[in-house]
């Protein structure tokens, strides 16, 4: 078995190589939150569709309020959905509400606080000719492209899509990820534990991470350390875009997962990656399905999922690369020089009074410490062989909030 | 009608006053992502449950590797789930894998790279007595409280809960929010638009925001500007914890929503709030249901939802207050002094090479600009009457990513 030592960057390039966005599907607006847009969207109307009042007040002619105070005849009202249909003649004023169409003839809005109305007469005390009108198309114009493919749909994107008069959106199908835990000793949470048994926990964390990325996780259960069990369960996940195996990929004679899946005809690689935590990684393809074998250790598995799985999912979603560089933070304490492996240090951060993110590694970086990992909020990324850093210097981080 | 001018802080205190966390419900781990924990959780086991190897290698007695090189008899193997059941006698070594139980008698792990195995003999070249053992309970001990009520459950929390041997969790019921759009002129997205009609967009944005907070939105449709239509649709949302009305809460004669709901026996207030955008706010109670009336303008409605609705939802969820102060950022340009209203300025931010978040207000703060709002990523919060600020000074922000 080839046991290459790969850099994280090399491994990442290999696992994401050739991945393209999945098919698109149409979804109604109210089911599209969190999904990724599959095409560009051009406005289907002009907004506002007419010159609209920006204030509650009175629509008047600028010439009529050139000298103040001015007394104008109140001739009607214009409200949203209830337009004043006639022309505002010289000497006239129309009561108007925010967002309502400015009637023909009027070109100025007098704010209601600047006027007084009684017995059909409006006394204008203050006015700025031409002010407080939102011209037609100030927000956007029909045909204008306002949302592009690759955009994640949140509250503002969906509100905008609705404003553009779209009842549904074309989004990427959600990538499906099948999760296969392995190990004779692994039992589901809530089990009465025999000696040496350990509780399966990784699938629950991965499923939450996958869901937070807008993808779909399906759990295949826990395979025993034998080919039949591994193959049977792996086959039940063949509909998934990605099959994740957990554990069983240790060095030497215990690479049962690798052997079993090779028997299925998968082209598999098994890599030692120059990273901490999470050194071993299994990777392969069968047709359209990618197979990623993560370590059984929960901390290592979740760190590897952030580093390798999340970029795979984002390529399948066609998520646009962020224009932003990856976030950085300032060290709250000195760091030693790093060894030959890229180190993903579990860390907690805080915002200082000066608006800076300060980050502090957890005191122990032992990959067996799940409880401590739950208290972290980011990973500090330290490339291989980087020199020591002092408090106040900056480091790249990966935020951990799902 | 009382038309008090309230500060944002006063209004927020009133709308959240008396809100307590909703009932708890038990959910299996794989359905609990994004939910909020309703009780503290103590570990149901000790992790690791035995002294475990931290490396792949050989379990030996420290005395046997005090002088090196040492030649030891290989007497067996200890793997996860396959413990070596006998004692490691002097002169013996046991092949061991990461996470496996350290057999009785052994107190040191020799890393495999530091030893050579052939013909049942292990030649140890390097060893550090006592090293590479994770003592029983190093991660956590049975009975230790590791997760507390009010914690949002993400990938790491769920992985930890599983590791603690919980098959299910007690979480807060999801707050239900009913969304009622109003207005004779308002039509659903995708409609053929008549003159003066406008497309309903706010419910889609609010629903996405509510879902992102781990709550449940139900859309009641679009009420006409008459009491019967408003009352009929509002009644269809009585099962909700919060009823949101959108629009229809303008000043003066057009406060149809307020009148209609008062007729239902609701105690309603109608406030002008010293804030931009989103001045008018309708608020009331009927029994357990809170009613919040947002402006019809999409930008104002969504800003008000961030400022008032999100804190209401978090109280109903029992979400623990963050220890962190609200985020801040550094101004990328000068800001003028603020007027009498708290200003929520739409802004875009970027991370500088020094790890600082720099923020720049959108060129126009007109609340009718939905397309521009979609490009923002945060709100700059400017309290009333604050003086001008210079580039580089810090401001409080509300991030907008759902």
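Within the stretch A:122-129, is there a residue that is in a loop (DSSP other than H, G, I, E, B) and closer than 30 Å to residue A:165 by Cβ?
Checked against the condition, which is being in a loop (DSSP other than H, G, I, E, B) and closer than 30 Å to residue A:165 by Cβ, the stretch A:122-129 yields no hits at all.
Is it the case, given these coordinates, that residue A:43 is at the interface with another protein chain (Cβ under 9 Å from one of its Cβ atoms), touching a strand residue (DSSP E or B) at 6+ places or on another chain (Cβ under 7 Å), modelled with pLDDT under 95 and surrounded by 21 or more Cβ atoms within 10 Å (Cβ to Cβ)?
So residue A:43 fails the test.
Got a number for residues in the stretch A:338-362 being more than 8 Å from chain B (Cβ to nearest Cβ) and either closer than 22 Å to residue A:387 by Cβ or crowded, with 18+ Cβ neighbours inside 10 Å (or both)?
The total comes to 16.
For the stretch B:79-94, which residues satisfy the criterion of being more than 19 Å from residue A:297 (Cβ to Cβ) and not in a loop (DSSP other than H, G, I, E, B)?
Listed by number, the residues that qualify are B:92, B:93, B:94.
State yes or no: is residue A:185 in contact with a strand residue (DSSP E or B) (Cβ under 9 Å, 6 or more places away or on another chain), at pLDDT below 95 and more than 7 Å from every other protein chain (Cβ to nearest Cβ)?
Taking the combined requirement at face value, the residue does not satisfy it.
What number of residues within the stretch B:84-123 are in contact (Cβ under 8 Å) with a residue 40 or more places away in the chain and crowded, with 22+ Cβ neighbours inside 10 Å?
13
Every residue, every condition in (1) in a strand (DSSP E or B); (2) crowded, with 20+ Cβ neighbours inside 10 Å; (3) touching a helix residue (DSSP H, G or I) at 6+ places or on another chain (Cβ under 6 Å), yes or no:
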position	(1), (2), (3)
B:15	no, yes, yes
B:21	no, no, no
B:33	no, yes, yes
B:49	no, no, no
B:58	yes, yes, no
B:73	yes, no, no
B:77	yes, no, no
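Okay, residues lined up against (1) in contact (Cβ under 8 Å) with a residue 24 or more places away in the chain; (2) surrounded by fewer than 24 Cβ atoms within 10 Å (Cβ to Cβ); (3) in contact with a helix residue (DSSP H, G or I) (Cβ under 6 Å, 6 or more places away or on another chain):
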| residue | (1), (2), (3) |
| --- | --- |
| B:261 | yes, no, no |
| B:270 | yes, yes, yes |
| B:274 | yes, yes, no |
| B:281 | yes, no, no |
| B:284 | no, yes, no |
| B:288 | yes, yes, no |
| B:294 | yes, no, yes |
| B:298 | yes, no, yes |
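Given the criterion modelled with pLDDT of 95 or more and within 30 Å of residue B:210 (Cα to Cα), identify the matching residue among A:72, A:123, A:37.
After applying the criteria, what remains is A:37.
Given the conditions (1) in contact with a strand residue (DSSP E or B) (Cβ under 7 Å, 6 or more places away or on another chain); (2) under 24 Å from residue A:310 (Cβ atoms), which single one is not true for residue A:208?
(1)
Looking at B:400, B:379, B:331, can you tell me which residue is within 12 Å of chain A (Cβ to nearest Cβ) and more than 25 Å from residue B:280 (Cα to Cα)?
B:331
Name, by its number, the condition in (1) at pLDDT below 95; (2) within 12 Å of chain B (Cβ to nearest Cβ) that does not hold for residue A:219.
Condition not satisfied by residue A:219: (1).
Hey, any hits in the stretch A:316-331 for a residue that's buried (at least 22 other Cβ atoms within 10 Å of the Cβ), at negative phi, at pLDDT 90 or above and in contact with a strand residue (DSSP E or B) (Cβ under 8 Å, 6 or more places away or on another chain)?
Checking the stretch A:316-331: at least one residue is buried (at least 22 other Cβ atoms within 10 Å of the Cβ), at negative phi, at pLDDT 90 or above and in contact with a strand residue (DSSP E or B) (Cβ under 8 Å, 6 or more places away or on another chain).
For residue B:201, indicate whether it is modelled with pLDDT of 95 or more, within 20 Å of residue B:401 (Cβ to Cβ) and buried (at least 22 other Cβ atoms within 10 Å of the Cβ).
Judged against the criteria, residue B:201 is a match.
Restricting attention to the stretch B:134-170, which residues are more than 7 Å from chain A (Cβ to nearest Cβ) and touching a helix residue (DSSP H, G or I) at 6+ places or on another chain (Cβ under 9 Å)?
Hits for the stretch B:134-170 are B:144, B:147, B:150, B:151, B:152, B:153, B:161, B:164, B:168, B:169.
Within the stretch A:77-119, how many residues turn out to be away from chain B (no Cβ under 14 Å), on the phi > 0 side of the Ramachandran plot and modelled with pLDDT under 95?
Looking only at that region, the number is 1.
The values are calculated or read from the model by the stated rules, or taken from the named source; none is laboratory data. For clarity, every value in this text was computed on a predicted model and none was experimentally measured. In this analysis, Cβ positions are derived from the backbone assuming ideal geometry, glycine residues included, and neighbour counts consider all displayed protein chains.
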